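Below you'll find the structure, written out as structure tokens, and then a few comments.
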Amino acid sequence: MPTQSPTEENYLKAIYAISNRQDGEEVSTNALAEMTATRAASVTDMLKRLADKGLIHYRRYQGVRLTDEGERRALRIIRRHRLWEVFLVEKLGFGWDEVHDMAEDLEHVRSDELVARLDTFLGNPQFDPHGDPIPTPTGQMPRTGYRPLADLNPGDEATMMGVLDHSTAFLQHLAQCGLVLGCPVKVSEINAFDRSMRVTIDAHPALFISYDVAKNLLMK
């Protein structure tokens, strides 16, 4: 099976991510164009290339899905990315809002021996600094059962376990609000107009957060 370029690896990872959010449905060209910030015509060219390599099933105008081999490769890329994020935060002292772009570069280092030693050095972590599960060495993605904060009702209590948005601005906003992994959150009120929430974190004063923030916080 031919190797992939970094750009091709990014597409495999993007297809996996979008499909996972859509419960396994085929991924549209437009969705890929939006996630990769690429013109639709360029996306189509890349999909043809990945199909020729046997990494995706592609039918024009009907979407795309990964082949078994394509999914295995996507999960290996995700595993490398998340292990590097753990290393950057735990061993080099970077903040969780600083590591995504660096890990985007490091994930393309394909040495299996390096990844195995990195995993052992880190103590075989199961989650990255953003609460995302790390695929196993055999390519299995652990299931978490988390649900968005936006799905909770007034009176519900849960623990923040992860985030869907890894952008620097979003993570810095959470830190300013005191919303960090492991913090207990209680929903006090939901605004019927815009679905914003009033929540409490431990004994801190009530905090108002938007629906856009709430839908990107994963709770258990």
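The values are calculated or read from the model by the stated rules, or taken from the named source; none is laboratory data. Computed from a prediction, not measured in an experiment: that's the story for all the values here. Glycine gets a Cβ as well: all are built from the backbone with ideal geometry, and neighbour counts include every protein chain shown. What goes into the accessible areas is simple: the full protein's heavy atoms, side chains included, and nothing from ligands, DNA or RNA. Shrake-Rupley method; radii C 1.70, N 1.55, O 1.52, S 1.80 Å.
In table form, for the structure just shown:
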{"quantity": "Accessible area of the chain divided out per residue, in Å², using a probe of 1.4 angstrom", "calculated": "55"}
{"quantity": "Summed side-chain charge close to residue 208 - residues other than residue 208 whose Cβ falls under 11 Å, Lys, Arg +1, Asp, Glu -1", "calculated": "-1"}
{"quantity": "Cα-based Rg of the range 130-220 normalised by 2.2 N^0.38 Å, two decimals", "calculated": "1.12"}
{"quantity": "The chain: calculated mean residue ellipticity at 222 nm from DSSP helix runs of at least 4, using -39500 (n - 2.57)", "calculated": "-12500 deg cm²/dmol"}
{"quantity": "Integer Hz, Karplus 6.51/-1.76/1.60 couplings in order for the range 43-60, x for Gly and Pro", "calculated": "4, 4, 4, 5, 5, 4, 5, 5, 5, 4, 8, x, 9, 9, 9, 10, 10, 4"}
{"quantity": "Heavy-atom accessible surface of the range 6-66: percent carbon and sulfur, 1.4 Å", "calculated": "44"}
{"quantity": "Net dipole in debye of the range 76-143 [+1 Lys, Arg Cβ; -1 Asp, Glu Cβ; about Cα centre; nearest 20]", "calculated": "360"}
{"quantity": "Carbon + sulfur, % of accessible area of the range 67-124 - ligands and nucleic acids excluded, 1.4 Å", "calculated": "49"}
{"quantity": "Reference-scaled alpha-carbon Rg (2.2 N^0.38 Å with N residues) for the range 6-66", "calculated": "0.96"}
{"quantity": "For the range 1-54 versus the range 163-183, the gap between their alpha-carbon centres in whole angstrom", "calculated": "28"}
{"quantity": "Gaussian network model of the chain, Cα within-10 Å springs - most flexible of 187, 163, 99", "calculated": "187"}
{"quantity": "Loop-exposed chymotrypsin sites (Phe, Trp or Tyr not before Pro) per DSSP, neighbour cap 14 Cβ within 10 angstrom, longest uninterrupted part of the chain", "calculated": "62-192"}
{"quantity": "Alpha-carbon centroid distance for the pair the range 186-201 / the range 92-118, whole angstrom", "calculated": "36"}
{"quantity": "Fully extended contour minus Cα-Cα distance, from residue 72 to residue 108, at 0.36 nm per residue", "calculated": "11.5 nm"}
{"quantity": "Long-range HN-HN contacts of residue 188 with modeled amide H, under 5 Å", "calculated": "155, 198, 199, 200"}
{"quantity": "Area of residue 132 that stays accessible when all protein chains are in place (1.4 Å probe, Å², to 10)", "calculated": "20"}
{"quantity": "DSSP-assigned coil residues among trypsin sites (Lys or Arg not before Pro) in the range 133-196, each with at most 14 further Cβ atoms within 10 Å", "calculated": "143, 195"}
